[in-house]
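What follows is a set of notes on a single structure, which appears directly below.
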Amino acid sequence: MPELPEVETVRLGLAPFVAGRGISGVWIGRPDLRRAVPEGFGQSVVGRRVLELDRRGKLMIWRLDDGGAVLIHLGMSGSLGMTHGAPPPDRHDHVRFTLDSGDVVTFHDPRRFGFVDYAAAGALEADPLYARLGPEPLSADFDARVLAAAFAGRAQPVKLALLDQTAIAGLGNIYVCESLFRAGISPFAAAGGIGPRRLARLAAAIKAVLAEAVAAGGSTLKDHRLPDGGTGYFQMTFRVYDREGAPCPSGKPGHAIKRVVQSGRSTYYCPACQR
């Protein structure tokens, strides 16, 4: 599933070509996505100018000049590709935006767990997905105090607490595993019982991992693609994720990466280094 770094790299790739451009046309190949493309979507956005491309957690937001917004979620397998002119649509191409520059942005999603939606002026904050999102981990004020507030009273394992989008927005399995390893914190530690010093390490690790992943174009394990069709390469530097049985990066003899399942998700960690 595309996580925060993948969505951010797509946003950064599209922004120079989409921000400031008018939407001159919309093609909808298949509206029955995770959220159905709303009726009248084309009428709502055609003729509008995109002021900026924003992001909240894993949700991409095209802010329009009338105060409305296009909402795009990549789901499990979604991607946004950009071409000059429109090639024949693939069977998994579901929505296309034609810009006044002649560029075309295509939402492609084989599994259809993503969506393209519209929020009228003043309605974005009431969107059920947007409204429930927790703090942004790449924001300047994200620190141990933010984590402490998010974890207060939580007895659940910290791995699961970090995956809760109402606690912290945008984190997914890959980057939670990597961040917990760098912070030296066990994925099974009770979230509400982690002390201030360890929370400070965790907050710093989260920010560092996400920043490095964005710089690397995200992680391409299967579906993630940049708008130009290129792939990310952060997967080349995974320290624990998908490395079951490999030696721990610490280099200490006998330390190896283990995999367990927590709430249906694979957790990768070093039992010796993470306490």
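The values are calculated or read from the model by the stated rules, or taken from the named source; none is laboratory data. A quick note: this is a predicted structure, and the numbers were derived from the prediction, not measured. Methodologically, a virtual Cβ is constructed for each residue, glycine included, from the backbone with ideal geometry; neighbour enumeration extends over all protein chains shown.
Here are some notes:
- Residue within segment 125-135 that is farther than 29 Å from Arg243 by Cβ, in contact with a Gly (Cβ under 6 Å, 6 or more places away or on another chain) and in contact (Cβ under 8 Å) with a residue 40 or more places away in the chain present: yes
- Residues satisfying the criterion are present in segment 44-53 (criterion: within 18 Å of Gly218 (Cβ to Cβ) and in the same structural domain as Pro16 (by TED's automatic domain parsing)).
- Every residue from segment 37-53 that is touching a residue at least 60 places away in the same chain (Cβ under 8 Å) and more than 14 Å from Arg96 (Cα to Cα): Pro38, Ser44
- Identity of the residue in segment 223-245, free of Cβ contacts under 8 Å to residues at least 60 places away in the same chain and surrounded by fewer than 15 Cβ atoms within 10 Å (Cβ to Cβ), that ends up nearest to Ala161 (Cα to Cα): Glu244
- Qualifying residue in segment 187-210 (condition: within 22 Å of Ser79 (Cβ to Cβ), touching a residue at least 60 places away in the same chain (Cβ under 8 Å) and either over 23 Å from the mean Cα position of the chain (by Cα) or in a helix (DSSP H, G or I) (or both)): yes
- In the set Asp90, Asp103, Asp143, Asp32, only one residue is in contact with a helix residue (DSSP H, G or I) (Cβ under 9 Å, 6 or more places away or on another chain), surrounded by fewer than 19 Cβ atoms within 10 Å (Cβ to Cβ) and within 29 Å of Lys222 (Cα to Cα); that residue is Asp103.
- Out of Gly134, Gly153, Gly114, sole residue that is surrounded by fewer than 17 Cβ atoms within 10 Å (Cβ to Cβ) and either modelled with pLDDT of 95 or more or not aliphatic (A, V, I, L, M) (or both): Gly153
- Index of the failed condition, Thr267 passing every other in (1) exposed (fewer than 15 other Cβ atoms within 10 Å of the Cβ); (2) touching a Lys or Arg at 6+ places or on another chain (Cβ under 7 Å); (3) among the polar types (S, T, N, Q): (1)
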